[in-house]
1. About its Cα centre, what dipole magnitude does the chain give when the only charges are +1 on Lys and Arg Cβ and -1 on Asp and Glu Cβ, stated in debye to the nearest 20?
2. Positive end of the dipole of the chain, charges at C-beta (+1 Lys, Arg; -1 Asp, Glu), about the Cα centre: which of His194, Pro156, Gly64 has its Cα farthest in that direction?
3. Mind listing the Cα extents of the chain along all three principal axes, in Å, largest one first?
4. Can you give me the distance in nm between label points at Lys303 and Thr378, each placed 7 Å from the Cα along the Cα-to-Cβ direction?
5. Could you tell me how many cubic angstrom of Cα convex hull volume the range 249-394 has per residue?
6. So how much slack lies between Gln447 and Ala396, counting 0.36 nm per residue of separation and subtracting their Cα-Cα distance, in nm?
7. Just name one of Thr305, Pro265, Ala293: the one whose Cα is farthest towards the positive end of the charge dipole of the range 247-319 (beta-carbon charges, Lys/Arg +1, Asp/Glu -1).
8. Quick one: dipole size for the range 275-342, taken about the Cα centre, charges +1 on Lys/Arg Cβ and -1 on Asp/Glu Cβ, in debye to the nearest 20.
Amino acid sequence: MKKTAGLVCAVIAALSAAAATQDSTIVTNPPERFSTRVLISGLEGPWEVAWGPDQQLWITERTGRRVLRVNPADGMRSVAVTIPEVNTTFTQDGLLGLTFHTDLMRGTNNDFVYVAFTYDDAPGTTLARRLAVRRYRFDQTTRTLVEPRDILTGLPTDTDHVGGRLAFGPDRRLYLTIGDQGSNFGANRCNANHSQDLPSAAQVRARDWSQYQGKILRMELDGSIPADNPEIAGVRSHIFTYGHRNPLGLAFGPGGRLYESEHGPSSDDEANLLEGGRNYGWPNVAGYKDDKAYVYANWSASKPTPCGSLPPGGGNAIPPASVPLQTESTFTSPQFTAPLRTFFTVETGYDTSRLGNATIAPGGVDVYTGDAIPGWKTSLLVLSLVRGAVYRLPLAADGRSVKEPAIELFKTVNRYRDIALNPDGRTIYLATDPAGPNRDAAGVVSQKLANPGSILELKYTP
Ligand SMILES: [Ca+2]
Ligand SMILES: [Ca+2]
């Protein structure tokens, strides 16, 4: 056991909203009062933080390859398991999501914890990146995770937009986010984007999961395909929803409704309500189907000049004439589903050149259902990586739309990766990235983070 004492309490002084670029639909600096402290620091890439039925915080360390249990009172930590086969090579892969079986520690012999991680499928030769979901049993005597059992392996991953968020549904199925691998973007601009592609029946029979990029999966607890998964284009697979870009947040709310966050390209970050068989539009549509500030430029399909011969650029650069363009309004999928809400839906021509000018880069999400904080009941909380804030989106009574405005909270120079809620309804835990870009108080991009690799505790003080 290693102890990291909680640090000095202080009432958050919200940073002045000096940044020149703000989404005008968001209220900043609300008069809500929280005390904050650093519960624990020095973590190796905390990626998931979850409140366990043992009243401990469970944390995955992305690069540390460990699952930790941390006492929320004093920051005392213990290692539940180290997973040496986790492969981590860049800023997004490693040990990722974690979720609990709802019967964990309830005496039904279902003391299971599930994790998602990347691994090398061809050790010793060329690196073959894959994503896996694994089950462990929690041994309550040793308080460690034992008896690993891989339940779904060989899932696609690459050097960008990994995803890897897990959720255990009220329907007793597992849900997993998989990103589009950054295909058709940045360094991966010459890889075709498969977010709209679906597996054939033959591929599913052959356990060929290569079309699972840019999808949310729904699986049985043994990794098999649920019989009631949606049949999409005539094929039932693990795919629950499709057309996703970089989905890093996933959480269930009241009524079993499933909420997700994902990064837009250089504007139009999304919060979505996920429903089986629906198409969330990427890469044909970013945010709403409004033909604003985004056109699908398919770099990978460049001709006659092949993509690999194009001059440097890609990503958000203006494409050369050989790159086919498709406007959002020409996308006609009847399954297309618009976001619940976007961040930074901007007009064409808006300056998106600087990091975070028109993005929050959403991390984890959670749904607040408590009564302790007045006005908060049934709010979707969406974290920001590049703006160091939590956005509270009050949900309508039916959970199918959000009430305006969104409220920006807890603004610091940190990258908020994930969130956990204490059942007391008044305490919030935020996991912060150990490194990476953020915007300082003046809105200038900075690599200097206030609380790298930490869990921050925010306690409501009425
Ligand atoms: Ca979308
Ligand atoms: Ca759009």
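Each value in this text was obtained by applying a stated rule to the coordinates, not by laboratory testing. Everything numeric here is computed off the predicted structure, so don't read it as measured data. Counting neighbours? That spans all protein chains shown, and the Cβs are built from the backbone with ideal geometry, glycine included.
1. Working: 46 positive and 47 negative charges, 135 e Å.
Here the chain has a charge dipole of around 660 debye.
2. Gly64
3. The Cα atoms of the chain stretch 62, 52, 45 Å along the principal axes, largest first.
4. My value for the distance between the label points is 5.2 nm.
5. Working: hull volume 18.6 nm³, N = 146.
Dividing the Cα hull volume of the range 249-394 by its residues yields 127 Å³.
6. Values: separation 51, 0.36 × 51 = 18.36 nm, distance 3.72 nm.
Full extension of this stretch gives 14.6 nm more.
7. Thr305
8. Working: 5 positive and 4 negative charges, 11 e Å.
Dipole size: approximately 60 debye.
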